[in-house]
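The values are calculated or read from the model by the stated rules, or taken from the named source; none is laboratory data. Computed from a predicted structure; not experimentally measured. Note that we place each Cβ from the backbone using ideal geometry, even for glycine, and neighbour counts take in every protein chain shown. For accessibility, only protein heavy atoms count, side chains too; no ligands or nucleic acids. Shrake-Rupley method; radii C 1.70, N 1.55, O 1.52, S 1.80 Å.
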Amino acid sequence: MEKKEDIVRDIRLLLKERKAILLAHNYQRDEVQEIADHTGDSLGLSQIAAESDARVIVFCGVHFMAESASILSPEKTVILPRMDAGCPMADMITGSDLEEERRKRPGVPVVAYVNTSAEVKALSDICCTSANAVRVVNSLEEDRVYMVPDRNLAHYISRQCAKEMEWWHGFCPTHERLTPQEVLKAKEENPDAPFVCHPECRPEVVDLADHVCSTSGMYRFAREVSQKTIIVGTEMGILYRLRKENPDKTFILPSESLICPNMKLITLEDILESLEGMKNIVSVPEGIRKRAKKALDRMLAVPRDF
Ligand code: 13P
Ligand code: SF4
């Protein structure tokens with residue numbers, strides 16, 4: 001077994017040699033975030049993937065994220081170091097499920113959370129992430145909207161937007177595990193601490209939050225809030241950067257079960273192995289890619305503020 005420093009050195013050399021960049025989602029293992037060229041949320045990473053002039057993108061995240069990078073930049077080689085790193089929420093709706101829902105609601109636009117397969121994106125009008133969902137829904141002319149696949153995100157958005165909304169019944173098993181009782185206990189133990197949570201949490205948990213935002217939004221919140229202790233309702237990988245960027249602050253995870261097993265699959269060894277052999281390349285059939293790209297491009301064109 002090679003030493004960690006040797007593996008990191010070899011990865012860096014190969015990244016340079018292959019004109020590659022390494023992107024890591026905010027939930028990745030600490031050691032993966034540590035060597036990434038960029039860490040970020042789904043929106044930030046998809047923007048970087050679209051704009052970068054690298055030839056190869058090593059995407060340390062889950063399958064739909066690498067797929068989005070490949071949809072946006074088909075001329076680049078996109079590597080997902082572990083092909084089995086999927087997102088259970090994205091797998092909760094198929095293309096034929098969505099076709100059936102569309103047939104029931106002719107003319108109603110479909111907003112697909114990026115946590116979906118390329119096939120589902122291709123059947124949608126526009127994509128969104130947790131960072132821009134309110135802006136995306138408000139950007140639509142229609143008064144009715146259908147959202148897939150996350151019932152919790154959709155429920156949260158329906159309370160922020162004056163639209164008639166319906167949604168698919170998917171959810172994130174990791175965020176779903178956080179209970180209001182666990183949050184209330186953490187609040188009782190830390191009475192001055194604000195609670196920030198991800199909109200993938202259940203509505204009863206979101207109701208207890210002082211601030212609801214994407215993973216990157218949490219870094220901003222942690223920086224700007226005056227309190228020194230913050231309760232965080234999302235996957236534990238977020239703690240790496242929160243603690244690094246705010247050494248004077250304390251971050252409390254209200255539950256030990258906030259771990260996404262899929263986000264933890266990729267190791268440094270996997271990155272090295274896939275780069276060495278240029279293995280685990282993610283690509284999307286051209287017909288699906290073109291239609292999915294339209295939905296992603298439309299999302300990326302939504303202005304940041306109205
Ligand atoms: P964001 O990073 O976009 O907030 O998404 C969270 C998530 O669950 C990704 O799988
Ligand atoms: Fe999917 Fe939830 Fe894991 Fe994100 S945290 S990849 S939504 S299962």
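Observations on the structure shown:
- For segment 142-183, the candidate set comprises residues that are touching a Leu at 6+ places or on another chain (Cβ under 7 Å) and part of a helix (DSSP H, G or I); within that set, the residue that is surrounded by the fewest Cβ atoms within 10 Å (Cβ to Cβ) is PRO180.
- Some residue of segment 171-187 being in contact with a Ser or Thr (Cβ under 9 Å, 6 or more places away or on another chain), without any contact (Cβ under 8 Å) to a residue 60 or more places away in the chain and away from ligand 2 (no atom under 15 Å from the Cβ): no
- Screening SER216 on (1) at pLDDT 95 or above; (2) touching a Gly at 6+ places or on another chain (Cβ under 8 Å); (3) within 22 Å of GLN33 (Cα to Cα) shows it passes everything except condition (1).
- Selection of segment 246-257 for residues being outside any strand (DSSP E or B), touching a residue at least 12 places away in the same chain (Cβ under 8 Å) and more than 16 Å from ligand 1 (Cβ to nearest atom) yields ASN246, ASP248, LYS249, PRO254.
- Here GLU67 clears all of (1) within 16 Å of ligand 2 (Cβ to nearest atom); (2) among the acidic types (Asp, Glu); (3) surrounded by fewer than 17 Cβ atoms within 10 Å (Cβ to Cβ) except the condition numbered (3).
- Sub-6 Å Cβ pairs linking a first residue in segment 258-271 that is under 22 Å from MET89 (Cβ atoms) and of a type in the set (A, V, I, L, M) to a second residue that is modelled with pLDDT of 95 or more and within 9 Å of ligand 2 (Cβ to nearest atom), at least 6 apart or interchain, are LEU258/GLU235; MET263/TYR27; LEU265/ALA85, ordered by first then second residue.
- If the condition is being free of Cβ contacts under 8 Å to residues at least 12 places away in the same chain and small (Gly, Ala, Ser), then segment 95-125 contributes only SER96.
- Residues that are away from ligand 2 (no atom under 15 Å from the Cβ), closer than 21 Å to GLY40 by Cβ and open to solvent by 70 Å² or more (accessible area, probe 1.4 Å) occur at least once in segment 213-221.
- Test: residue in segment 6-23 that is open to solvent by 60 Å² or more (accessible area, probe 1.4 Å) and within 25 Å of GLU245 (Cα to Cα): yes
- First in segment 47-58 and open to solvent by 40 Å² or more (accessible area, probe 1.4 Å), second anywhere and part of a loop (DSSP other than H, G, I, E, B), Cβ under 8 Å, 6 or more apart: ALA50/SER73; ARG55/ARG18; ARG55/LYS19; ARG55/LYS76
- Residue that is most open to solvent (accessible area, probe 1.4 Å), among those in segment 253-284 that are of a type outside the set (Asp, Glu) and over 21 Å from the mean Cα position of the chain (by Cα): LYS279
- Reported count of residues in segment 93-141, each being surrounded by 20 or more Cβ atoms within 10 Å (Cβ to Cβ), small (Gly, Ala, Ser) and assigned to a helix (DSSP H, G or I), is 3.
- Selected residue [assigned to a helix (DSSP H, G or I) and either open to solvent by 20 Å² or more (accessible area, probe 1.4 Å) or out of contact with any Pro (no Cβ under 7 Å at 6 or more places or on another chain) (or both)] from ALA295, ALA209, ALA186: ALA295
- Of all the residues in segment 22-79, those that are within 16 Å of ligand 1 (Cβ to nearest atom) and part of a helix (DSSP H, G or I) number 19.
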